[in-house]
Amino acid sequence: MGHLDDLHDLGDLDHRALSALRACGGHPRVAGGARALSRAGEHGALWLAAGLAGAAVDGARRGSWLRATALIAGAHVVSMGVKRVVRRPRPAHVEPLVRTAGRHSFPSSHATSATAAAVAFGALGVGAVRPLAAAMCLSRVVVGVHYPSDVAAGAALGALTARAGARWMRGGAG
């Protein structure tokens, strides 16, 4: 019975952490920032636009930027597939600050694409993406649409996807 108790304790911790972080969204500036990040990250839009912009302005590495953008899109698609399999409902014990495109929360696709972008763009020397990606991940809990474990799983999936394609992204055989 010990393992089941441990799982229950983790689920309880997930609920309590969500409630505490969602309470931060009660501050108007925090709520506004979290909403803006959530909107910008819908379907990976911010990261895809950034990758295409990188390709447009950095002609010498255009191929690497486009492959990085493809990795981010691929990570997002994989996260959507995992959501369809796992089918974890979104949190119901807090009032969300944003609408969502779907009913399922595991893993966070925002966290997947944000972390994939941080890893992929980081490999291209753009480390400034990391804090923005971290803020986007956190915003999903602050707006009340994901448990912390959803975000952690999404971040892990995004990092693994981007790392798996890093050599291909930089122009190697893969």
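The values are calculated or read from the model by the stated rules, or taken from the named source; none is laboratory data. No experiment lies behind these values; they were computed from the predicted model shown. Positions of Cβ are backbone-derived with ideal geometry, glycine not excepted, and every protein chain shown enters the neighbour counts. The accessibility values were calculated without ligands, DNA or RNA, using every heavy atom of the protein model including side chains. Shrake-Rupley method; radii C 1.70, N 1.55, O 1.52, S 1.80 Å.
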Which pairs have Cβ atoms under 9 Å, sit 6 or more apart or on different chains, and link a residue in the range 11-27 that is on the phi < 0 side of the Ramachandran plot to one that is modelled with pLDDT under 75?
R22/L97; G25/L97
Counting only residues that are over 17 Å from L46 (Cα atoms) and charged (D, E, K, R), which one in the range 109-167 is nearest to the chain's Cα centre (by Cα)?
D150
So, in the range 16-51, of the ones that are basic (K, R) and open to solvent by 60 Å² or more (accessible area, probe 1.4 Å), which residue ends up nearest to the chain's Cα centre (by Cα)?
R39
Among what's in the range 142-157 and is touching a helix residue (DSSP H, G or I) at 6+ places or on another chain (Cβ under 6 Å) and assigned to a helix (DSSP H, G or I), pick the residue that is modelled with the lowest pLDDT.
V142
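If we keep just the residues of the range 134-152 that are touching a residue at least 60 places away in the same chain (Cβ under 8 Å) and of a type in the set (G, A, S), which is farthest from G25 (Cα to Cα)? I'd like the intermediate steps shown before the answer.
Step one: of the range 134-152, the residues touching a residue at least 60 places away in the same chain (Cβ under 8 Å) are 135-136, 138-150.
Those left that are additionally of a type in the set (G, A, S): 135, 139, 144, 149.
Numbers: A135: 13, S139: 9, G144: 8, S149: 19 Å.
Filtering first and then ranking leaves S149.
Could you list all residues from the range 37-69 that are under 24 Å from F106 (Cβ atoms) and either without any contact (Cβ under 8 Å) to a residue 24 or more places away in the chain or not in a helix (DSSP H, G or I) (or both)?
Going residue by residue through the range 37-69, those that are under 24 Å from F106 (Cβ atoms) are 37-48.
Once the filter is applied, which keeps residues that are under 24 Å from F106 (Cβ atoms) and either without any contact (Cβ under 8 Å) to a residue 24 or more places away in the chain or not in a helix (DSSP H, G or I) (or both), the range 37-69 yields G41, A45.
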Looking at H110, is it closer than 15 Å to V78 by Cα and either open to solvent by 20 Å² or more (accessible area, probe 1.4 Å) or among the acidic types (D, E) (or both)?
no
Restrict the check to the range 92-107 and report whether at least one residue is among the small types (G, A, S), modelled with pLDDT of 90 or more and either surrounded by fewer than 17 Cβ atoms within 10 Å (Cβ to Cβ) or assigned to a helix (DSSP H, G or I) (or both).
no
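Kindly provide the set of residues from the range 119-141 that are part of a helix (DSSP H, G or I) and open to solvent by 10 Å² or more (accessible area, probe 1.4 Å), ordered by number. Quick ask: steps written out before the conclusion?
Filtering the range 119-141 down to residues part of a helix (DSSP H, G or I) leaves 119-123, 129-141.
Within the range 119-141, V119, G122, A123, V129, R130, P131, L132, A134, A135, C137, L138 meet the criteria.
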So for the range 71-88 (the condition being more than 14 Å from E42 (Cα to Cα), in contact with a helix residue (DSSP H, G or I) (Cβ under 9 Å, 6 or more places away or on another chain) and crowded, with 23+ Cβ neighbours inside 10 Å), does at least one residue qualify?
yes
